[in-house]
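The values are calculated or read from the model by the stated rules, or taken from the named source; none is laboratory data. In this text the structure is predicted, and so the values were computed from the model without any measurement. Note that we place each Cβ from the backbone using ideal geometry, even for glycine, and neighbour counts take in every protein chain shown. Just the protein is used for accessible areas: all its heavy atoms, side chains included, with ligands, DNA and RNA removed. Shrake-Rupley method; radii C 1.70, N 1.55, O 1.52, S 1.80 Å.
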Amino acid sequence: MSTKTIDRRSARERLLTAADELFYANGVHTVGIDRVIERAGVAKATLYSAFGSKDELIRAYLQARHAARRERITRKLARYDTPRDRLLGIFDVLGESIAEAGFRGCPFVNASAEARPGSAIEEVSDESRAWTRSLLVELGRAAGAADPERLARQLALLYDGATVSARMDRDPGAAAAARATAVTLVDAACA
């Protein structure tokens, strides 16, 4: 009797899982289609049937990353009681992500490093960044910031810097340091 496990996920799901693992660990530009289809256990024609091109597979990978990130942040911010705590909590959520095994930085920054202007990578990355900024504006407004747009821009810079520092400097405390600075900014903006 065989002990081989049957993977009942669709070929599309297997391709996305393989792309997520390989692209995040190694980069969207360095991973070829052949590695993705080998990891997914599908034929090359299946990839083209499901996505049409590598660019569209990258788009789907980044969209899935964005959806998961958005859901995780939204769910985890719900545990905070006050608007101020939710606003600062975004750095706690980032700290949890940084602490996860296999953290390789922001998948959007990583993919964008060599993206062509107007590419699917740029488009999805812009959508993700716009969501983050709008969330920070919304949270800043709820916390009573006099200028929530300005505060959101400042906090986004801290968030991005903490993400890059965690990756580039291998600094697991980057989010906590950013949060400490964010407290000063939030308190000044909401005075």
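Restricting attention to the range 92-128, the residues being in contact with a Phe, Trp or Tyr (Cβ under 7 Å, 6 or more places away or on another chain) and of a type outside the set (A, V, I, L, M) number 5. Taking the criterion of being touching a residue at least 12 places away in the same chain (Cβ under 8 Å) and over 24 Å from Tyr61 (Cβ atoms), the residues of the range 121-147 that qualify are Leu136, Val137, Leu139, Gly140, Ala142, Ala143, Gly144, Ala145, Ala146, Asp147.
Residues that are touching a residue at least 40 places away in the same chain (Cβ under 8 Å), open to solvent by 90 Å² or more (accessible area, probe 1.4 Å) and among the polar types (S, T, N, Q): find the helices (runs of 4 or more DSSP H) completely inside the range 1-70 holding 3 or more of those.
Output list is empty.
Looking at Ala180, Ala188, Ala174, just one residue is of a type outside the set (Lys, Arg) and open to solvent by 70 Å² or more (accessible area, probe 1.4 Å), and that residue is Ala188.
Within the range 85-104, if we keep just the residues that are of a type in the set (Gly, Ala, Ser) and open to solvent by less than 40 Å² (accessible area, probe 1.4 Å), the residue that is nearest to the chain's Cα centre (by Cα) turns out to be Ser97. In summary, Gly118 fulfils each of the numbered conditions (1) open to solvent by less than 70 Å² (accessible area, probe 1.4 Å); (2) touching a residue at least 12 places away in the same chain (Cβ under 8 Å); (3) small (Gly, Ala, Ser) with the single exception of condition (2). Given (1) under 17 Å from Asp55 (Cβ atoms); (2) out of contact with any helix residue (DSSP H, G or I) (no Cβ under 7 Å at 6 or more places or on another chain); (3) not hydroxyl-bearing (Ser, Thr, Tyr), identify the lone condition not met by Ala130. The failed condition is (1). For Thr82, state whether it is open to solvent by 70 Å² or more (accessible area, probe 1.4 Å), among the polar types (S, T, N, Q) and at pLDDT 95 or above. When the stated conditions are applied, Thr82 does not pass them.
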